[in-house]
Each structure stands twice: as C-alpha cells, then as structure tokens.
Amino acid sequence: MHFVDLKAQHDSLQPLLGQEIQRVIDTSSFIRGADVDAFETNFAALTGSAHCVSVANGTDALYVALRALGAGPGDEVITTAHSWISTSETITQSGARVVFTDTEDAYFCLDPDQIESKITEKTRGIIAVHLYGQPAAMDRVKAIADKHNLWIIEDSAQAHLAALDGTMIGRFGDVATYSFYPGKNLGAMGDAGCLTTDRADIAEFATLFARHGGKNNHQMEGICSRMDGLQAALLNVKMPQLPAWNATRREAAARYDSLLSGLGDLTLPAVRPGATHVYHLYVIRTAQRDALRSFLTERHIPTVVNYPRALPFYSAYDYLGHRPEDFPIAHAHASQILSLPLHPFIAEAEQHEVTNTIRAFFAANI
Ligand SMILES: *Cc1c(COP(=O)(O)O)cnc(C)c1O
C-alpha cells in the first residue's frame, strides 16, 4: 500500500506523458516557451483568475507574492501556527516579521477570532493557508483584512480547486500561491509552482521579479525562479483530470468517514459549512496517536504526521520565545494528528484494510 500512489496516476495517463517528454526534448523548450505560456493560460482559466505567473516551486510563489505586495523590514505579517514552514519562512525572507495565530479546533486553519488581537500598526497582511485541502474561513478573514486595510495571500498549495460557499479559493485574497510538488493534488514530476491574481500590478511585478527583474532592461534585481518547459507540458496533460481526481478524493474521504465513525476517541476531519474540501490529506485525531501509528506501521500501513510540531515550536522560531499556552490548539493537535493513505487511485479494499486495522487497534486498546 502507498500513502500516495504516483505510479498509478502516471500509468493512467500513458503513453501521453511519455510522448510529451519526448516532444519537449525534440523541441528543446526547456525553460519558458510555449508549454509554460499554455500552462499559465490554462491555470488562470481553471481558477478563474485574470493572471497566472509560473515559478519554480510553491515556496518561491509565496516569496514572490510577499515581495510583490511590498512586505519588507519593519512590517509584520500574520499567519497560522499550523502549516508547512514555507508559509512562515518566506515572510522572514522578505524582511518582515512573522506573527503566528492559533488555529480552529475543528478545521486546523487559522482562527479568525485570534487575528485582530495580533494586529499592530506594523501589520501589513495575512497569509491564510487552506490546510489539508479545506478552505480557511476566508469570508471572516477578508472582512478583518478589509477593516484594517491589510492584504491577503492565500497559500493554496494543498487546496487546488477547493471552494467556500461556491467561491473558489484564490478569489478572496490579493494573490493565491500554488505548489505542484509531485504529491500535491496537481503535481509535476519535479518542482513547480505559480501564483494567481486579478491584480495586474502584482502579476507584472512577479513576472519581472521572478526573472531577474526583466530580460533586456533589468528594472530591478530579482531572483531566478522559473517553471521548466517539461513540468509545464506534464502539468498541461494532468490539469484536465484535476476536478475528477478531487471528486475521487472526496469519495474516498466519505468512505473513511463511514468506516471509521464512532471509534474510541477518534475525531474525523470536519468539513466547514459551505466548504468544498479537496482532501489533499485525510487527517484523523486521537490521544493515542503514537501507539496507533506504530500499530499501523507494523502492519505495513503507511501514515504521515503533517506536521510533528506547530510552527512556533520548531527551533527556527526559538527567537520568538513562544510557549505552548500561546497556541494551545495548534500545540495540542501536533501530538494527536495522523494522515491516512488517500489519493485518487486508492482501492476500496485498501481503505478497508486501513480501517479494519484501526478498528483492531481500538478494540485492543479500550
Ligand atoms: C507544499 C507546500 C508549500 C511549498 O511548496 P513547494 O512547491 O514544496 O515549495 C507551501 N505551503 C504549503 C502549505 C505546502 O503544503
């Protein structure tokens, strides 16, 4: 059993993927070029955005977005205590200071009730993360941002095509960032990322900044962050499958929901009212997480902890001097969460094997 089965995904799209790799070799369109232009057009259309700017990975997309919005020394940017470190490390890299907020107990996303108490005269913006494929509480985050004149970046690396009350993620903030790391809901065969926006000024800055500040006239010093032609060609083949793959993830999640209901202290992932969840990860919670994880590992069922600590408690943030009581929810979740195998090609029999093993664990441990 695989936690994520990329081979099954790629086998389902052969021989097309192989043909595309050969075509990119034949045309030597390795950096930029027609495939990258097509990717940007296709992804902007798919997400309903006016602009898509491709970059080398999802982390660069965040950094470029922060720089496009003017984040820099003296500024503060508010974000969630529960994410992958790209979300916060890029704030620091921009020169701004990271200000963490605690998360919602039910949904793992940044808690809108905590944001206003973190706002100072230095606050410039908010990075909301649609964690595990679930939209953050964007209606409330947006109301707070509008009231205090703050910008919003939506870190959408785990939530391609998720929606809230019928509005697709990425449509709430000033800019949305995406990762196409191989295991993401839409994944390349290497690193790739992009940002989407309706703001022409952000798209223009990002296009220049990610490509050395311009080609013939360097209007500024930038960085070198480009999507490969090969990755763009492969993403263009996979992209039309994304809505169906997300639907299959939802079906598999619903199957887990029914097979795992009412077991011990197990908490199943809740869906925010009005949300279209795209289940990048299916994350359960139990006080016996470590024992359950060992039990599953011994029986060859792969699981992952996303993530073993809340961000403020990694050594990288020792300088902020945070204590568990500063982020009680995110801190508690870190010892309870467990991500189960879930991907569009998971077999029903595999899901039964996972859930039967979890049932056996709770039968033996209650
Ligand atoms: C994967 C991920 C990123 C970073 O994407 P890369 O393409 O690996 O750089 C950023 N934020 C979140 C929440 C992610 O899950």
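A short reminder: the numbers here are calculations on the coordinates, not readings from a lab. Treat the numbers as computed from the prediction; the structure is a model and nothing was measured. Cβ coordinates were reconstructed from backbone atoms using ideal geometry, including for glycine residues, and neighbour counts include every protein chain displayed.
Of the candidates 185, 236, the single residue that is away from the ligand (no atom under 16 Å from the Cβ) and among the polar types (S, T, N, Q) is 236. Condition (residue is buried (at least 21 other Cβ atoms within 10 Å of the Cβ), under 16 Å from residue 181 (Cα atoms) and within 12 Å of the ligand (Cβ to nearest atom)) applied to segment 40-48: is it met by at least one residue? So far as segment 40-48 goes, no, none of its residues is buried (at least 21 other Cβ atoms within 10 Å of the Cβ), under 16 Å from residue 181 (Cα atoms) and within 12 Å of the ligand (Cβ to nearest atom).
Each row is one residue, and each column tells you yes or no for (1) farther than 18 Å from residue 53 by Cα; (2) hydroxyl-bearing (Ser, Thr, Tyr).
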site	(1), (2)
160	no, no
171	no, no
183	yes, no
194	no, no
197	no, yes
200	no, no
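Can residue 165 be described as surrounded by fewer than 24 Cβ atoms within 10 Å (Cβ to Cβ) and of a type in the set (Asp, Glu)? Here the answer is yes, as residue 165 does meet what is asked.
Restricting attention to segment 188-218 and to residues that are at negative phi and in contact with a Gly (Cβ under 8 Å, 6 or more places away or on another chain), the residue that is farthest from the ligand (Cβ to nearest atom) turns out to be 208.
Would you say residue 283 is surrounded by 18 or more Cβ atoms within 10 Å (Cβ to Cβ) and part of a strand (DSSP E or B)? So residue 283 fits the description; yes. Write out, first by first residue and then by second, each pair whose Cβ atoms fall under 9 Å of each other, whose residues are 6+ apart or on separate chains, and whose first residue, in segment 67-87, is within 17 Å of residue 120 (Cα to Cα) while the second is among the acidic types (Asp, Glu) and in a strand (DSSP E or B). From segment 67-87, the pairs are 79/155; 80/155. Of the listed requirements (1) more than 30 Å from residue 303 (Cβ to Cβ); (2) basic (Lys, Arg); (3) surrounded by fewer than 18 Cβ atoms within 10 Å (Cβ to Cβ), residue 7 misses just one: (1).
Total residues in segment 10-34 satisfying the condition of being of a type in the set (D, E, K, R) and on the phi > 0 side of the Ramachandran plot: the figure is 1. Comparison of 66, 17 shows that the only residue that is outside any loop (DSSP other than H, G, I, E, B) and farther than 23 Å from residue 225 by Cβ is 17.
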